[in-house]
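Visitor: Could you have a look at this structure, given as structure tokens, before my questions?
The values are calculated or read from the model by the stated rules, or taken from the named source; none is laboratory data. In this text the structure is predicted, and so the values were computed from the model without any measurement. Using ideal geometry, Cβ is built from the backbone for each residue, glycine included, and neighbour counts are taken over all protein chains shown. Side chains included, ligands, DNA and RNA excluded: accessible areas come from the protein's heavy atoms. Shrake-Rupley method; radii C 1.70, N 1.55, O 1.52, S 1.80 Å.
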Amino acid sequence: MKPDARALLKDEWTRRFSEWGQPAYRLDQLLSWLYSRRATSWDQMSNLPKDLRQRLADEFTLDAPELTRKQGSRDTTQKFLWRLSDGAYIESVLIPASPALYGEPSDRHTLCVSTQVGCAYGCKFCASGLEGWKRNLRTEEILNQVLATERWHERALREEGKPESSPDARLVNNIVVMGMGEPLANYEALIRALTLLNAPWGGGIGARKITISTSGLAPQIRRLADEPLQFRLAISLHGATDAVRERIMPINRKYPLQELAAACEFYQEKKGRMITLEYILIAGVNDQPDHAPPLADLARRLHAKVNLIPYNHVEGLPWERPSDAVQEAFLAAVEKRKVVATLRREKGHDIDAACGQLRLKVEREGASEARKAGKA
Ligand code: SAH
Ligand code: SF4
């Protein structure tokens, strides 16, 4: 299989171009087509000589996902369902900065990206794990979610008769790797994609604007600590005792809390950055008054902040979010212990924004249509 043009780092291109006897400025032109102008065909690259375009086409693919469904309106949270070249579906969620949160309207947008088709970790509350793991995303499939979202935005502006932004203007300037899949289980492709998205000649998104969320793969957290880039790290904790965590997250059997905490400590010390502990509040599971002290203790030990997220119901699963009063009481109990905590009203709650939910819906519709067709 040919590699994709958007999976190469600049030094790899430089070597290739010098083997081909191509001058350096040609490479800059190519990179501009790939990232600033988000080209989807070689023919578009009008300032590259024909023979170079042909050579590129012979040796590389230029993959782009196809938008199959979108939910939400342009000034709120929007969810994109992409169809990949092999027919698999993945999701990305675009979240505009909330003026209420930042004090003024802004064009800051966060994109939540997926790293795998499905997920192997089988957390009991999560839609992504429900149908199991299908495959890892390739580097270009991870970063193309950003480019394709920006392409869609440009087209939407055009259709509304609004002026297009300049080719260098980026819609997405913040990335959270919290979509479908476990990012640290697809380590090489993830780091490569994020390196490309961070590069000034690539996506141009600051490493501090990139957050990786993991369910707790302790050895890979240590490995991430040794990476040169300063990504932000979020841990999907959801339980601060082994008893609670084990009930909802099978990974806790492989890497129990002590091991996870030690890896987080290592990361925090090495990077000097504050980790975030994500904690979804699930009624009757982890939201009781006695669940708060161990969470606060762990957060203090790790110099971490706590992000409380009311659970987003998944069709077919028995879990529910607690009442607002219970959520507020839990927040107060954590804050009382001198820990920085926020309680988030899940943005995009109304559009199945929690990871994996849209894909699951579409695949289930597909399956029931297939069943109907089978019966007919
Ligand atoms: N696999 C990684 C990243 C993807 S999940 C991880 O688990 O961290 C992104 C976040 O969404 C995780 O914190 C996950 O626990 C949370 N999540 C999954 N299902 C959810 C739901 N139904 N409601 C709210 N959050 C959910
Ligand atoms: Fe996978 Fe994360 Fe969902 Fe767990 S919460 S099943 S690790 S995507």
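Visitor: With contacts defined as alpha carbon pairs under 8 Å and 6 or more residues apart, what's the relative contact order of the range 5-59 in percent? Write down the numbers at each step before the final one.
Guide: Details: 22 pairs, mean separation 13.5, N = 55.
Answer for the range 5-59 is 25 percent.
Visitor: Could you tell me the calculated FRET efficiency between Phe17 and Ala156, based on Cβ-Cβ distance and R0 = 41 angstrom, to the nearest 0.05?
Guide: The pair Phe17/Ala156 has a calculated efficiency of 0.70.
Visitor: Given H placed 1.01 Å from N in the peptide plane, which residues other than close sequence neighbours of Val172 have an amide H under 5 Å from its amide H?
Guide: Under 5 Å from the amide H of Val172: no residue qualifies.
Visitor: Any of Lys270/Lys305; Lys254/Lys338; Lys134/Lys254; Lys209/Lys336; Lys305/Lys336; Lys209/Lys338 with alpha carbons more than 19 Å apart? Name them for me.
Guide: On the way: Lys270/Lys305 17 Å; Lys254/Lys338 31 Å; Lys134/Lys254 21 Å; Lys209/Lys336 29 Å; Lys305/Lys336 13 Å; Lys209/Lys338 26 Å.
In this structure, Lys254/Lys338; Lys134/Lys254; Lys209/Lys336; Lys209/Lys338 lie more than 19 Å apart at Cα.
Visitor: How high is the relative contact order of the chain, in percent, with contacts defined as C-alpha pairs under 8 Å that are six or more residues apart?
Guide: Details: 648 pairs, mean separation 52.4, N = 376.
In percent, rounded to a whole number, it is 14.
Visitor: State to the nearest 20 debye the size of the charge dipole of the chain about its Cα centre, where the only charges are +1 on K and R beta carbons and -1 on D and E beta carbons.
Guide: About 220 debye.
Visitor: Would you kindly find the accessible area of Arg135, with a 1.4 Å probe and non-protein molecules such as ligands, DNA and RNA excluded, rounding to the nearest 10 Å²?
Guide: Probe radius 1.4 Å; accessible area of Arg135 about 50 Å².
Visitor: Skip the ligands, DNA and RNA, and give the accessible area per residue of the chain with a 1.4 Å probe, whole Å². It would help to have the intermediate numbers written out before the result.
Guide: Details: 16820 Å² over 376 residues.
Heavy-atom SASA per residue in the chain reads 45 Å².
Visitor: Report the calculated FRET efficiency for Arg37 and Ala57 (r = Cβ-Cβ distance, R0 = 22 Å), to the nearest 0.05.
Guide: With a Förster radius of 22 Å, E is 0.80.
Visitor: Which angle from 0 to 90°, rounded to the nearest 10, does the C-alpha axis of helix 187-198 make with the longest principal axis of the chain?
Guide: 70 degrees
Visitor: Same structure, new question: List residues of the range 145-162, by number, whose backbone nitrogen lies under 18 Å from a label position 7 Å along Cα→C-beta of Asp86.
Guide: 145
Visitor: So how do Met274, Met1, Met249 rank on accessible area, 1.4 Å probe, biggest first, that is with the largest at the start?
Guide: Details: Met274 100, Met1 195, Met249 0 Å².
Largest accessible area first, the residues go Met1, Met274, Met249.
Visitor: In a GNM of the chain with a 10 Å cut-off on Cα contacts, which of Pro96, Pro318, Pro65 has the highest mean-square fluctuation?
Guide: Ranking Pro96, Pro318, Pro65 by mean-square fluctuation puts Pro318 first.
Visitor: What's the angle, to the nearest 10 degrees (0 to 90), between helix 50-59's Cα axis and the longest principal axis of the chain?
Guide: That helix lies at roughly 40 degrees to the long axis.
Visitor: Can you give the relative contact order of the range 178-266 as a percent, counting alpha carbon pairs under 8 Å and 6+ residues apart? Mind dumping the intermediate values first?
Guide: Values: 92 pairs, mean separation 24.2, N = 89.
Relative contact order here is 27 percent.
Visitor: Helix 324-335 versus the longest principal axis of the chain: what is the Cα-based angle in degrees, 0 to 90, to the nearest 10?
Guide: Here the helix axis deviates by roughly 90 degrees.
Visitor: A follow-up question, please. Arranged from highest to lowest average of other beta-carbon atoms within 10 Å per residue, in what order do the peptides 117-128, 319-330 appear? Numbers along the way, then the final one.
Guide: Details: 117-128: 21.3, 319-330: 15.8.
Descending packing order for the listed peptides: 117-128, 319-330.
Visitor: Quick one: with all protein chains in place, what share of the accessible area of the chain is carbon or sulfur, to the nearest percent (1.4 Å probe)?
Guide: Numbers: 8650 of 16820 Å².
Answer for the chain: carbon and sulfur cover 51 percent of the accessible area.
Visitor: Between Thr76 and Arg253, how high is the FRET efficiency from 1/(1 + (r/R0)^6) when r is the Cβ-Cβ distance and R₀ = 35 Å? Nearest 0.05. Write down the numbers at each step before the final one.
Guide: Details: r = 39 Å, r/R0 = 1.11.
E(calc), rounded to 0.05, equals 0.35.
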